[in-house]
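**Student:** Next up is a structure, given as C-alpha coordinates.
The values are calculated or read from the model by the stated rules, or taken from the named source; none is laboratory data. Remember, it's a predicted structure, so these values are computed and weren't measured experimentally. Backbone-built Cβ (ideal geometry, glycine too); neighbour counts: all protein chains shown. Side chains are part of the model used for accessible areas, which takes the heavy atoms of the whole protein and leaves out ligands, DNA and RNA. Shrake-Rupley method; radii C 1.70, N 1.55, O 1.52, S 1.80 Å.
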Amino acid sequence: MIRTFRGILNKLTPEMFESLMKQVDELDINDEETLNAVVELIVNKALSEQSYSSTYAKMCRHLKRLRVSSKSSSDFISFHKLLLTRCRLEFQNRGLLPEKENGVSVAQEDLEQTRHKACVRLLGTVRFVGELFKLKMISKGNIHTCIGKLLQDESEESLECMCKLLTTVGKDLDTETEIPKINSYCGLICNLMTKKMSSRIKFMLQDVVALRENDWVPRRRDEGPKTIQQLHQEAKQAEEREMLQLEKGMTTMHRRGGGRPADRRQSFNVKEIPGKFNQDSSRDYGDRKQRCHLGSSSTSEKRNTWQPKQREPVVFLKEQNRGAQIQSVSKIPVEDKTQEEARAQDWDEEDVYTALKRLLQENSGNDQIEAWIQNTLNTRQRSSDGFVRALMRAVCQSVIVDCGVYTLNTYELLDRASLLKRFITDDHKQLVALNTVQQLVVHIDQPDGLLRMFFDVLWDEEVIEDEIFFKWKSSAVSVVSLHNFFTWLQEANRRLN
(Lines give C-alpha, C1' and ligand atoms only; values in the text may rest on other atoms or scores of the structure.)
Protein backbone atom coordinates (compact mmCIF):
# COMPACT_ATOMS: atom_id res chain seq x y z
CA MET A 1 0.00 0.00 0.00
CA ILE A 2 2.85 2.39 0.86
CA ARG A 3 4.51 1.61 -2.47
CA THR A 4 1.24 2.41 -4.26
CA PHE A 5 0.86 5.66 -2.34
CA ARG A 6 4.43 6.69 -3.19
CA GLY A 7 3.68 6.02 -6.86
CA ILE A 8 0.61 8.29 -6.65
CA LEU A 9 2.75 11.07 -5.15
CA ASN A 10 5.26 10.74 -7.98
CA LYS A 11 2.48 11.22 -10.53
CA LEU A 12 0.76 14.10 -8.72
CA THR A 13 0.25 17.16 -10.94
CA PRO A 14 -2.50 19.82 -10.98
CA GLU A 15 -4.21 18.32 -14.01
CA MET A 16 -4.16 14.77 -12.58
CA PHE A 17 -5.14 15.77 -9.04
CA GLU A 18 -8.79 14.72 -9.09
CA SER A 19 -8.21 11.31 -10.66
CA LEU A 20 -5.31 10.51 -8.30
CA MET A 21 -7.33 11.51 -5.23
CA LYS A 22 -9.91 8.90 -6.22
CA GLN A 23 -7.10 6.32 -6.16
CA VAL A 24 -6.01 7.55 -2.71
CA ASP A 25 -9.57 7.15 -1.40
CA GLU A 26 -9.52 3.52 -2.47
CA LEU A 27 -6.39 2.73 -0.43
CA ASP A 28 -6.80 0.80 2.83
CA ILE A 29 -5.23 3.17 5.37
CA ASN A 30 -6.56 1.61 8.57
CA ASP A 31 -3.79 1.62 11.21
CA GLU A 32 -1.54 4.13 12.98
CA GLU A 33 1.70 2.87 11.43
CA THR A 34 0.37 3.23 7.89
CA LEU A 35 -1.05 6.68 8.58
CA ASN A 36 2.30 7.83 9.99
CA ALA A 37 4.04 6.55 6.87
CA VAL A 38 1.57 8.45 4.65
CA VAL A 39 2.17 11.70 6.56
CA GLU A 40 5.96 11.21 6.36
CA LEU A 41 5.82 10.64 2.60
CA ILE A 42 3.70 13.73 1.96
CA VAL A 43 5.83 16.03 4.13
CA ASN A 44 9.11 14.82 2.62
CA LYS A 45 7.71 15.29 -0.88
CA ALA A 46 6.48 18.80 -0.08
CA LEU A 47 9.86 19.83 1.36
CA SER A 48 11.89 18.39 -1.50
CA GLU A 49 9.61 19.65 -4.31
CA GLN A 50 8.81 23.14 -3.06
CA SER A 51 7.26 24.36 -6.31
CA TYR A 52 4.48 21.78 -5.71
CA SER A 53 3.84 22.83 -2.08
CA SER A 54 0.38 24.12 -2.91
CA THR A 55 -0.57 20.84 -4.59
CA TYR A 56 0.61 18.74 -1.63
CA ALA A 57 -1.20 21.09 0.76
CA LYS A 58 -4.37 20.59 -1.29
CA MET A 59 -3.86 16.83 -0.97
CA CYS A 60 -3.59 17.22 2.82
CA ARG A 61 -6.89 19.08 2.88
CA HIS A 62 -8.44 16.18 0.99
CA LEU A 63 -7.16 13.74 3.64
CA LYS A 64 -7.95 16.03 6.59
CA ARG A 65 -10.81 13.92 7.97
CA LEU A 66 -8.96 10.61 7.70
CA ARG A 67 -8.47 8.92 11.09
CA VAL A 68 -7.52 5.51 12.48
CA SER A 69 -7.59 3.74 15.85
CA SER A 70 -4.69 4.39 18.21
CA LYS A 71 -2.51 1.53 19.40
CA SER A 72 -1.95 2.98 22.84
CA SER A 73 -5.51 4.01 23.65
CA SER A 74 -9.11 3.69 22.63
CA ASP A 75 -9.05 7.11 20.96
CA PHE A 76 -8.68 7.86 17.31
CA ILE A 77 -5.66 9.50 15.68
CA SER A 78 -6.41 11.88 12.85
CA PHE A 79 -4.33 12.64 9.78
CA HIS A 80 -4.65 16.35 10.56
CA LYS A 81 -3.16 15.97 14.05
CA LEU A 82 -0.25 13.85 12.83
CA LEU A 83 0.46 16.35 10.04
CA LEU A 84 0.60 19.32 12.44
CA THR A 85 2.85 17.39 14.82
CA ARG A 86 5.21 16.50 11.98
CA CYS A 87 5.37 20.12 10.73
CA ARG A 88 5.98 21.41 14.27
CA LEU A 89 8.83 18.94 14.75
CA GLU A 90 10.38 19.96 11.42
CA PHE A 91 10.22 23.64 12.39
CA GLN A 92 11.62 23.10 15.91
CA ASN A 93 14.63 21.19 14.55
CA ARG A 94 15.62 24.06 12.27
CA GLY A 95 19.34 24.84 12.27
CA LEU A 96 20.30 21.74 14.26
CA LEU A 97 23.31 20.17 12.56
CA PRO A 98 24.98 16.90 13.56
CA GLU A 99 28.52 17.35 14.87
CA LYS A 100 29.11 13.62 14.56
CA GLU A 101 27.78 11.01 12.22
CA ASN A 102 28.11 7.33 13.22
CA GLY A 103 30.57 8.38 15.91
CA VAL A 104 32.87 10.18 13.44
CA SER A 105 33.30 13.96 13.39
CA VAL A 106 31.75 15.58 10.38
CA ALA A 107 34.27 17.23 8.05
CA GLN A 108 33.98 20.99 7.47
CA GLU A 109 32.96 20.58 3.81
CA ASP A 110 30.31 18.02 4.74
CA LEU A 111 29.12 20.33 7.51
CA GLU A 112 28.69 23.21 5.05
CA GLN A 113 26.79 20.95 2.69
CA THR A 114 24.59 19.73 5.53
CA ARG A 115 23.94 23.32 6.62
CA HIS A 116 22.87 24.23 3.09
CA LYS A 117 20.52 21.25 2.91
CA ALA A 118 19.04 22.18 6.30
CA CYS A 119 18.42 25.73 5.11
CA VAL A 120 16.71 24.53 1.93
CA ARG A 121 14.59 22.11 3.94
CA LEU A 122 13.55 24.86 6.37
CA LEU A 123 12.54 27.08 3.44
CA GLY A 124 10.43 24.22 2.18
CA THR A 125 8.90 23.79 5.65
CA VAL A 126 7.76 27.41 5.99
CA ARG A 127 6.40 27.45 2.47
CA PHE A 128 4.44 24.24 3.06
CA VAL A 129 3.18 25.57 6.41
CA GLY A 130 2.12 28.75 4.64
CA GLU A 131 0.19 26.82 2.01
CA LEU A 132 -1.55 24.79 4.73
CA PHE A 133 -2.52 28.03 6.48
CA LYS A 134 -4.05 29.39 3.26
CA LEU A 135 -6.26 26.28 3.20
CA LYS A 136 -7.26 26.89 6.87
CA MET A 137 -5.46 23.81 8.16
CA ILE A 138 -3.16 25.79 10.48
CA SER A 139 -4.31 28.53 12.86
CA LYS A 140 -3.20 32.16 12.83
CA GLY A 141 -1.69 31.70 16.28
CA ASN A 142 0.72 29.06 15.01
CA ILE A 143 1.78 31.29 12.11
CA HIS A 144 2.42 34.24 14.45
CA THR A 145 4.50 31.94 16.67
CA CYS A 146 6.64 30.88 13.71
CA ILE A 147 7.15 34.47 12.52
CA GLY A 148 8.05 35.66 16.03
CA LYS A 149 10.65 32.93 16.56
CA LEU A 150 12.24 33.54 13.16
CA LEU A 151 12.46 37.29 13.84
CA GLN A 152 13.98 36.73 17.29
CA ASP A 153 16.64 34.42 15.90
CA GLU A 154 18.00 37.16 13.58
CA SER A 155 20.27 34.73 11.74
CA GLU A 156 20.29 35.20 7.98
CA GLU A 157 18.79 31.74 7.43
CA SER A 158 15.91 32.50 9.81
CA LEU A 159 15.29 35.93 8.28
CA GLU A 160 15.16 34.40 4.81
CA CYS A 161 12.58 31.87 6.04
CA MET A 162 10.58 34.62 7.72
CA CYS A 163 10.47 36.52 4.41
CA LYS A 164 9.32 33.38 2.60
CA LEU A 165 6.61 32.73 5.20
CA LEU A 166 5.28 36.31 5.17
CA THR A 167 5.32 36.37 1.38
CA THR A 168 3.25 33.17 1.34
CA VAL A 169 0.69 34.00 4.03
CA GLY A 170 0.71 37.81 4.04
CA LYS A 171 -2.45 38.38 1.99
CA ASP A 172 -4.50 35.92 4.09
CA LEU A 173 -2.94 36.87 7.44
CA ASP A 174 -3.15 40.67 7.09
CA THR A 175 -6.79 41.04 8.15
CA GLU A 176 -8.30 43.91 10.09
CA THR A 177 -7.80 42.22 13.44
CA GLU A 178 -4.18 41.33 12.67
CA ILE A 179 -3.05 44.77 11.47
CA PRO A 180 -1.26 45.71 14.75
CA LYS A 181 0.82 42.52 14.66
CA ILE A 182 1.72 42.94 11.00
CA ASN A 183 2.68 46.56 11.69
CA SER A 184 4.96 45.40 14.50
CA TYR A 185 6.61 42.87 12.18
CA CYS A 186 7.28 45.59 9.60
CA GLY A 187 8.73 47.83 12.30
CA LEU A 188 11.08 45.08 13.44
CA ILE A 189 12.08 44.43 9.83
CA CYS A 190 12.96 48.10 9.35
CA ASN A 191 15.10 48.01 12.50
CA LEU A 192 16.84 44.86 11.30
CA MET A 193 17.76 46.56 8.02
CA THR A 194 19.92 49.03 9.94
CA LYS A 195 22.11 46.16 11.15
CA LYS A 196 24.97 44.60 9.27
CA MET A 197 23.87 41.77 6.99
CA SER A 198 24.34 40.58 3.44
CA SER A 199 22.75 42.62 0.66
CA ARG A 200 20.72 39.59 -0.43
CA ILE A 201 18.91 39.32 2.92
CA LYS A 202 18.49 43.08 3.14
CA PHE A 203 16.81 43.11 -0.27
CA MET A 204 14.51 40.29 0.86
CA LEU A 205 13.44 42.30 3.91
CA GLN A 206 12.81 45.32 1.73
CA ASP A 207 10.76 43.21 -0.65
CA VAL A 208 8.46 42.04 2.15
CA VAL A 209 7.67 45.56 3.35
CA ALA A 210 7.20 46.75 -0.24
CA LEU A 211 4.91 43.80 -0.94
CA ARG A 212 2.73 44.71 1.99
CA GLU A 213 2.54 48.30 0.79
CA ASN A 214 1.30 46.93 -2.52
CA ASP A 215 -1.51 45.00 -0.75
CA TRP A 216 0.48 41.76 -1.03
CA VAL A 217 0.17 41.78 -4.82
CA PRO A 218 3.54 40.78 -6.33
CA ARG A 219 4.74 42.36 -9.55
CA ARG A 220 4.86 38.93 -11.15
CA ARG A 221 2.30 36.51 -9.82
CA ASP A 222 3.44 33.07 -8.70
CA GLU A 223 0.69 30.74 -9.83
CA GLY A 224 2.43 27.55 -8.68
CA PRO A 225 2.84 24.46 -10.84
CA LYS A 226 1.32 24.67 -14.31
CA THR A 227 -0.43 22.19 -16.51
CA ILE A 228 1.11 20.92 -19.75
CA GLN A 229 -1.49 22.89 -21.69
CA GLN A 230 -0.48 26.12 -19.90
CA LEU A 231 3.20 25.45 -20.66
CA HIS A 232 2.46 24.92 -24.36
CA GLN A 233 0.39 28.10 -24.44
CA GLU A 234 3.12 30.15 -22.75
CA ALA A 235 5.75 28.79 -25.13
CA LYS A 236 3.58 29.82 -28.08
CA GLN A 237 3.05 33.31 -26.63
CA ALA A 238 6.79 33.70 -25.98
CA GLU A 239 7.53 32.76 -29.59
CA GLU A 240 4.99 35.30 -30.85
CA ARG A 241 6.49 38.04 -28.65
CA GLU A 242 9.97 37.22 -29.93
CA MET A 243 8.79 37.49 -33.53
CA LEU A 244 7.09 40.83 -32.85
CA GLN A 245 10.25 42.12 -31.16
CA LEU A 246 12.32 40.98 -34.12
CA GLU A 247 9.98 42.72 -36.59
CA LYS A 248 10.02 45.86 -34.47
CA GLY A 249 13.81 45.85 -34.33
CA MET A 250 14.14 45.35 -38.09
CA THR A 251 11.65 48.16 -38.73
CA THR A 252 13.62 50.47 -36.46
CA MET A 253 16.89 49.63 -38.22
CA HIS A 254 15.41 50.29 -41.66
CA ARG A 255 13.95 53.57 -40.45
CA ARG A 256 17.24 54.77 -38.99
CA GLY A 257 19.40 53.53 -41.86
CA GLY A 258 23.17 53.92 -42.03
CA GLY A 259 25.90 51.73 -40.63
CA ARG A 260 26.95 48.30 -41.71
CA PRO A 261 24.39 45.48 -41.42
CA ALA A 262 26.64 43.64 -39.02
CA ASP A 263 26.79 46.70 -36.75
CA ARG A 264 23.02 47.07 -36.74
CA ARG A 265 22.53 43.39 -36.04
CA GLN A 266 24.98 43.50 -33.15
CA SER A 267 23.24 46.53 -31.68
CA PHE A 268 19.90 44.78 -31.92
CA ASN A 269 21.22 41.61 -30.31
CA VAL A 270 22.55 43.53 -27.34
CA LYS A 271 19.10 44.99 -26.81
CA GLU A 272 17.67 41.48 -26.76
CA ILE A 273 19.86 40.38 -23.83
CA PRO A 274 17.13 40.57 -21.12
CA GLY A 275 14.85 37.95 -22.66
CA LYS A 276 17.48 35.60 -24.06
CA PHE A 277 19.80 35.62 -21.08
CA ASN A 278 17.10 35.06 -18.49
CA GLN A 279 15.83 32.06 -20.41
CA ASP A 280 19.19 30.36 -20.62
CA SER A 281 21.16 31.23 -17.51
CA SER A 282 21.53 33.08 -14.22
CA ARG A 283 18.46 31.84 -12.42
CA ASP A 284 19.43 33.80 -9.36
CA TYR A 285 19.44 37.00 -11.31
CA GLY A 286 16.04 36.14 -12.79
CA ASP A 287 14.72 35.71 -9.24
CA ARG A 288 16.27 39.01 -8.27
CA LYS A 289 14.57 40.77 -11.19
CA GLN A 290 11.22 39.52 -9.91
CA ARG A 291 11.75 41.18 -6.59
CA CYS A 292 10.61 44.62 -5.63
CA HIS A 293 12.24 46.81 -3.08
CA LEU A 294 10.84 48.70 -0.11
CA GLY A 295 7.80 50.82 -0.81
CA SER A 296 6.88 52.68 2.38
CA SER A 297 8.30 55.34 4.64
CA SER A 298 6.12 54.29 7.56
CA THR A 299 5.01 50.96 8.95
CA SER A 300 3.32 52.07 12.14
CA GLU A 301 -0.10 52.37 10.53
CA LYS A 302 -2.08 50.44 7.94
CA ARG A 303 -1.43 51.82 4.48
CA ASN A 304 -4.10 53.85 2.74
CA THR A 305 -5.43 52.88 -0.65
CA TRP A 306 -3.62 54.95 -3.25
CA GLN A 307 -5.94 57.33 -5.04
CA PRO A 308 -4.72 59.90 -7.55
CA LYS A 309 -5.90 63.37 -6.62
CA GLN A 310 -7.98 65.11 -9.23
CA ARG A 311 -6.62 68.63 -9.50
CA GLU A 312 -6.39 71.33 -12.07
CA PRO A 313 -3.21 71.05 -14.17
CA VAL A 314 -0.33 72.89 -12.55
CA VAL A 315 0.70 75.99 -14.47
CA PHE A 316 4.45 76.49 -14.62
CA LEU A 317 5.08 80.17 -13.89
CA LYS A 318 8.15 82.30 -14.30
CA GLU A 319 8.57 85.65 -12.60
CA GLN A 320 9.83 88.15 -15.12
CA ASN A 321 10.52 90.96 -12.67
CA ARG A 322 9.80 92.11 -9.16
CA GLY A 323 6.40 93.33 -10.22
CA ALA A 324 3.23 91.33 -10.46
CA GLN A 325 3.61 90.47 -14.14
CA ILE A 326 3.80 86.64 -14.45
CA GLN A 327 3.57 84.61 -17.56
CA SER A 328 3.72 80.96 -18.57
CA VAL A 329 6.95 79.73 -20.10
CA SER A 330 4.92 77.76 -22.60
CA LYS A 331 3.69 81.04 -24.10
CA ILE A 332 7.20 82.35 -24.78
CA PRO A 333 8.08 81.56 -28.43
CA VAL A 334 11.58 80.21 -28.97
CA GLU A 335 12.38 82.76 -31.62
CA ASP A 336 11.35 85.70 -29.38
CA LYS A 337 13.66 84.75 -26.54
CA THR A 338 15.81 87.59 -25.30
CA GLN A 339 19.40 87.27 -24.19
CA GLU A 340 18.25 87.81 -20.63
CA GLU A 341 15.90 84.81 -20.90
CA ALA A 342 18.67 82.69 -22.38
CA ARG A 343 20.91 83.54 -19.43
CA ALA A 344 18.10 82.43 -17.11
CA GLN A 345 18.17 78.89 -18.48
CA ASP A 346 19.69 77.46 -15.28
CA TRP A 347 16.85 78.99 -13.25
CA ASP A 348 14.40 77.45 -15.70
CA GLU A 349 15.79 74.00 -14.87
CA GLU A 350 15.16 74.54 -11.18
CA ASP A 351 11.64 75.77 -11.87
CA VAL A 352 10.88 72.70 -13.97
CA TYR A 353 12.26 70.45 -11.25
CA THR A 354 10.11 72.15 -8.58
CA ALA A 355 6.95 71.86 -10.68
CA LEU A 356 7.60 68.22 -11.59
CA LYS A 357 8.29 67.41 -7.95
CA ARG A 358 4.94 68.95 -7.01
CA LEU A 359 3.11 66.92 -9.63
CA LEU A 360 4.74 63.70 -8.43
CA GLN A 361 3.90 64.48 -4.81
CA GLU A 362 0.27 64.88 -5.84
CA ASN A 363 0.35 61.37 -7.41
CA SER A 364 -0.40 62.73 -10.86
CA GLY A 365 -0.54 60.09 -13.58
CA ASN A 366 2.18 59.78 -16.22
CA ASP A 367 -0.16 61.02 -18.96
CA GLN A 368 -1.03 64.11 -16.92
CA ILE A 369 2.64 64.88 -16.27
CA GLU A 370 3.52 64.36 -19.93
CA ALA A 371 0.67 66.69 -20.99
CA TRP A 372 1.99 69.35 -18.59
CA ILE A 373 5.50 69.01 -20.05
CA GLN A 374 4.25 69.21 -23.65
CA ASN A 375 2.09 72.27 -22.90
CA THR A 376 4.69 74.08 -20.80
CA LEU A 377 8.01 73.51 -22.56
CA ASN A 378 8.88 73.90 -26.21
CA THR A 379 10.79 71.31 -28.22
CA ARG A 380 14.21 72.85 -27.59
CA GLN A 381 13.62 73.00 -23.85
CA ARG A 382 12.40 69.41 -23.72
CA SER A 383 15.53 68.30 -25.60
CA SER A 384 17.96 70.07 -23.27
CA ASP A 385 20.22 68.41 -20.71
CA GLY A 386 18.69 70.64 -18.05
CA PHE A 387 15.24 69.15 -18.61
CA VAL A 388 16.61 65.58 -18.41
CA ARG A 389 18.34 66.43 -15.14
CA ALA A 390 15.18 68.04 -13.73
CA LEU A 391 13.03 65.07 -14.72
CA MET A 392 15.45 62.47 -13.31
CA ARG A 393 15.93 64.42 -10.07
CA ALA A 394 12.19 64.77 -9.53
CA VAL A 395 11.35 61.15 -10.32
CA CYS A 396 14.27 59.63 -8.39
CA GLN A 397 13.69 61.75 -5.29
CA SER A 398 10.00 60.82 -5.33
CA VAL A 399 10.82 57.09 -5.09
CA ILE A 400 13.45 57.27 -2.33
CA VAL A 401 11.99 56.47 1.09
CA ASP A 402 13.49 56.58 4.57
CA CYS A 403 12.92 53.55 6.79
CA GLY A 404 15.87 54.00 9.10
CA VAL A 405 18.02 53.74 5.96
CA TYR A 406 17.38 55.23 2.55
CA THR A 407 15.95 52.69 0.16
CA LEU A 408 13.96 52.48 -3.06
CA ASN A 409 10.22 52.24 -3.69
CA THR A 410 10.63 49.98 -6.69
CA TYR A 411 6.92 49.73 -7.42
CA GLU A 412 6.69 53.50 -7.89
CA LEU A 413 9.83 53.67 -10.03
CA LEU A 414 8.49 50.88 -12.25
CA ASP A 415 5.32 52.93 -12.76
CA ARG A 416 7.37 56.02 -13.69
CA ALA A 417 9.71 54.14 -16.06
CA SER A 418 7.38 54.70 -19.03
CA LEU A 419 7.45 58.47 -18.35
CA LEU A 420 11.25 58.48 -18.37
CA LYS A 421 11.40 56.50 -21.62
CA ARG A 422 9.22 59.10 -23.40
CA PHE A 423 11.81 61.83 -22.91
CA ILE A 424 15.16 60.04 -22.44
CA THR A 425 15.33 59.03 -26.07
CA ASP A 426 18.98 59.01 -27.15
CA ASP A 427 22.44 57.97 -25.93
CA HIS A 428 23.45 61.41 -24.69
CA LYS A 429 20.28 61.84 -22.63
CA GLN A 430 20.77 58.38 -21.13
CA LEU A 431 24.28 59.37 -20.00
CA VAL A 432 22.92 62.57 -18.48
CA ALA A 433 20.28 60.52 -16.67
CA LEU A 434 22.84 58.11 -15.18
CA ASN A 435 25.05 60.98 -14.03
CA THR A 436 22.05 62.64 -12.40
CA VAL A 437 21.13 59.47 -10.49
CA GLN A 438 24.71 59.08 -9.26
CA GLN A 439 24.90 62.72 -8.12
CA LEU A 440 21.62 62.33 -6.24
CA VAL A 441 22.81 59.20 -4.43
CA VAL A 442 26.15 60.83 -3.57
CA HIS A 443 24.26 63.84 -2.20
CA ILE A 444 22.55 61.61 0.41
CA ASP A 445 25.84 59.93 1.43
CA GLN A 446 25.58 56.91 -0.90
CA PRO A 447 23.26 54.54 1.05
CA ASP A 448 24.34 50.92 0.69
CA GLY A 449 22.89 49.32 -2.43
CA LEU A 450 20.69 52.27 -3.45
CA LEU A 451 22.51 53.09 -6.69
CA ARG A 452 22.48 49.40 -7.62
CA MET A 453 18.69 49.31 -7.09
CA PHE A 454 18.24 52.27 -9.44
CA PHE A 455 20.46 50.66 -12.07
CA ASP A 456 18.58 47.37 -11.82
CA VAL A 457 15.22 49.00 -12.56
CA LEU A 458 16.59 51.29 -15.29
CA TRP A 459 18.07 48.24 -16.99
CA ASP A 460 15.07 45.96 -16.40
CA GLU A 461 12.67 48.49 -17.95
CA GLU A 462 15.11 49.35 -20.79
CA VAL A 463 15.25 53.02 -19.86
CA ILE A 464 19.04 52.77 -20.27
CA GLU A 465 20.68 50.51 -22.85
CA ASP A 466 23.58 48.16 -22.12
CA GLU A 467 26.19 50.08 -24.09
CA ILE A 468 25.31 53.31 -22.25
CA PHE A 469 25.94 51.65 -18.90
CA PHE A 470 29.42 50.62 -20.11
CA LYS A 471 30.06 54.06 -21.55
CA TRP A 472 29.05 55.65 -18.25
CA LYS A 473 31.32 53.26 -16.35
CA SER A 474 34.35 54.23 -18.46
CA SER A 475 33.85 57.94 -17.77
CA ALA A 476 32.56 57.87 -14.18
CA VAL A 477 34.35 57.50 -10.88
CA SER A 478 34.59 53.82 -9.90
CA VAL A 479 31.67 52.74 -7.70
CA VAL A 480 32.36 49.58 -5.68
CA SER A 481 28.66 48.84 -5.10
CA LEU A 482 28.14 48.44 -8.87
CA HIS A 483 30.94 45.90 -9.38
CA ASN A 484 28.58 42.91 -9.39
CA PHE A 485 26.14 44.69 -11.68
CA PHE A 486 28.74 45.32 -14.37
CA THR A 487 30.29 41.87 -13.91
CA TRP A 488 26.92 40.30 -14.62
CA LEU A 489 26.25 42.64 -17.55
CA GLN A 490 29.61 41.78 -19.14
CA GLU A 491 28.92 38.08 -18.67
CA ALA A 492 25.50 38.47 -20.27
CA ASN A 493 26.99 40.16 -23.35
CA ARG A 494 29.77 37.58 -23.57
CA ARG A 495 27.33 34.65 -23.48
CA LEU A 496 25.05 36.26 -26.05
CA ASN A 497 27.91 36.86 -28.46
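**Student:** Take the residues in segment 179-198 that are at pLDDT below 90 and among the charged types (D, E, K, R); name whichever of them is farthest from residue 148 (Cα to Cα).
**Tutor:** By that ranking, first place goes to 196.
**Student:** Can residue 68 be described as of a type in the set (A, V, I, L, M) and touching a Lys or Arg at 6+ places or on another chain (Cβ under 6 Å)?
**Tutor:** no
**Student:** Same structure again: Can you find, within segment 390-425, the residue that is nearest to residue 356 (Cα to Cα) among those that are among the β-branched types (Val, Ile, Thr) and in contact (Cβ under 8 Å) with a residue 12 or more places away in the chain?
**Tutor:** Here the residue is 395.
**Student:** Next question. Would segment 15-32 turn up any residue that is out of contact with any Pro (no Cβ under 6 Å at 6 or more places or on another chain), within 20 Å of residue 78 (Cα to Cα), hydroxyl-bearing (Ser, Thr, Tyr) and free of Cβ contacts under 8 Å to residues at least 60 places away in the same chain?
**Tutor:** So far as segment 15-32 goes, no, none of its residues is out of contact with any Pro (no Cβ under 6 Å at 6 or more places or on another chain), within 20 Å of residue 78 (Cα to Cα), hydroxyl-bearing (Ser, Thr, Tyr) and free of Cβ contacts under 8 Å to residues at least 60 places away in the same chain.
**Student:** Let me ask another. Please go through segment 129-148 and give me each residue that is part of a helix (DSSP H, G or I), of a type outside the set (Val, Ile, Thr) and out of contact with any Cys (no Cβ under 7 Å at 6 or more places or on another chain), ordered by number.
**Tutor:** 130, 131, 133, 134, 140, 141, 142, 144, 146, 148
**Student:** Among the helices (runs of 4 or more DSSP H) confined wholly to segment 312-421, which include 3 or more residues that are at pLDDT 75 or above?
**Tutor:** So the answer is 345-361, 366-376, 379-382, 385-398.
**Student:** Working only within segment 157-187, note down all residues that are aliphatic (A, V, I, L, M) and either crowded, with 18+ Cβ neighbours inside 10 Å or touching a strand residue (DSSP E or B) at 6+ places or on another chain (Cβ under 7 Å) (or both).
**Tutor:** Selection gives 159, 162, 165, 166, 169, 173, 182.
**Student:** Next question. Anything in segment 454-472 that is free of Cβ contacts under 8 Å to residues at least 40 places away in the same chain and open to solvent by 40 Å² or more (accessible area, probe 1.4 Å)? List them, or say none.
**Tutor:** 470
**Student:** Same structure again: For segment 358-385, which residues satisfy the criterion of being under 24 Å from residue 428 (Cβ atoms) and open to solvent by 40 Å² or more (accessible area, probe 1.4 Å)?
**Tutor:** Result: 370, 374, 379, 380, 382, 383, 385.
**Student:** Restricting to segment 412-453, count the residues that are touching a strand residue (DSSP E or B) at 6+ places or on another chain (Cβ under 8 Å) and exposed (fewer than 15 other Cβ atoms within 10 Å of the Cβ).
**Tutor:** The qualifying residues number 1.
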